[in-house]
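The values are calculated or read from the model by the stated rules, or taken from the named source; none is laboratory data. Everything numeric in this text was worked out from a predicted model, so none of it was measured. Neighbour counts run over all protein chains shown; Cβ positions are idealised from the backbone, glycine included.
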């Protein structure tokens, strides 16, 4: 008698993005066959988002869920219906500039991960995204910045921190040069955290402490 087929350990993931999707690409590039996760759908609030083009190029489902002019309840219902239809178990936010509806946060508690281009809890909150973050870092005079992955909740950048990587802030930096340095570690950090979290989900356990060795 043949043994019953076992469920794949690979966790189905959704990626939410509002922009070009370079962190999405890092997640896609990190995938391996039967690995910890597989991106099955990319969702954006913007029809013209470059992330949707990356999804289609990778053979993944690409969807726009309009947010502007709609209630959070309506957006949440549409989002959950799509996620549930694809058996999504974890959500990665890669430059998604909208608050996640409370119904989605509740359904995916501690399974929504966001990447932020600074060392939270500093330089986060409403309006702190993109170049604004790096301008604020430079204006503060700090000598170290970096990237943070945290669990997302119903507010901007307040969820529990999962992992961080640091980069120096150099005397000659402007916002674009600092942004490029931070982005390079974002592309290392997010895939590593995704592997760590999804390995635990696949095994039915809580993720243990996460750490990553800084590059030289």
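Of all positions in the stretch 162-176, at least one carries a residue that is without any contact (Cβ under 8 Å) to a residue 60 or more places away in the chain, in a helix (DSSP H, G or I) and within 20 Å of residue 94 (Cα to Cα). Counting the residues of the stretch 109-132 that are surrounded by 22 or more Cβ atoms within 10 Å (Cβ to Cβ), within 12 Å of residue 182 (Cα to Cα) and out of contact with any helix residue (DSSP H, G or I) (no Cβ under 7 Å at 6 or more places or on another chain) gives 1.
Of the residues making up the stretch 52-74, those that are in contact (Cβ under 8 Å) with a residue 12 or more places away in the chain, in a loop (DSSP other than H, G, I, E, B) and over 17 Å from residue 93 (Cα atoms) are 58, 68. When you scan the stretch 44-51, do you find a residue that is under 18 Å from residue 11 (Cβ atoms), in contact with a strand residue (DSSP E or B) (Cβ under 8 Å, 6 or more places away or on another chain), surrounded by 19 or more Cβ atoms within 10 Å (Cβ to Cβ) and touching a residue at least 12 places away in the same chain (Cβ under 8 Å), even just one? No, there is no match, as no residue in the stretch 44-51 is under 18 Å from residue 11 (Cβ atoms), in contact with a strand residue (DSSP E or B) (Cβ under 8 Å, 6 or more places away or on another chain), surrounded by 19 or more Cβ atoms within 10 Å (Cβ to Cβ) and touching a residue at least 12 places away in the same chain (Cβ under 8 Å). Please go through (1) surrounded by fewer than 22 Cβ atoms within 10 Å (Cβ to Cβ); (2) in contact (Cβ under 8 Å) with a residue 60 or more places away in the chain; (3) closer than 24 Å to residue 184 by Cβ for residue 138 and return the number of the only condition it doesn't satisfy. Every listed condition holds for residue 138 apart from (2). When the residues of the stretch 180-211 are filtered to those that are in contact with a helix residue (DSSP H, G or I) (Cβ under 8 Å, 6 or more places away or on another chain) and exposed (fewer than 15 other Cβ atoms within 10 Å of the Cβ), the one that is modelled with the lowest pLDDT is 208. For the stretch 92-102, residues that are surrounded by fewer than 21 Cβ atoms within 10 Å (Cβ to Cβ), closer than 23 Å to residue 51 by Cβ and over 15 Å from the mean Cα position of the chain (by Cα) total 0. Within the stretch 74-87, the presence of at least one residue that is more than 18 Å from residue 18 (Cα to Cα), surrounded by fewer than 18 Cβ atoms within 10 Å (Cβ to Cβ) and touching a strand residue (DSSP E or B) at 6+ places or on another chain (Cβ under 7 Å) is confirmed.
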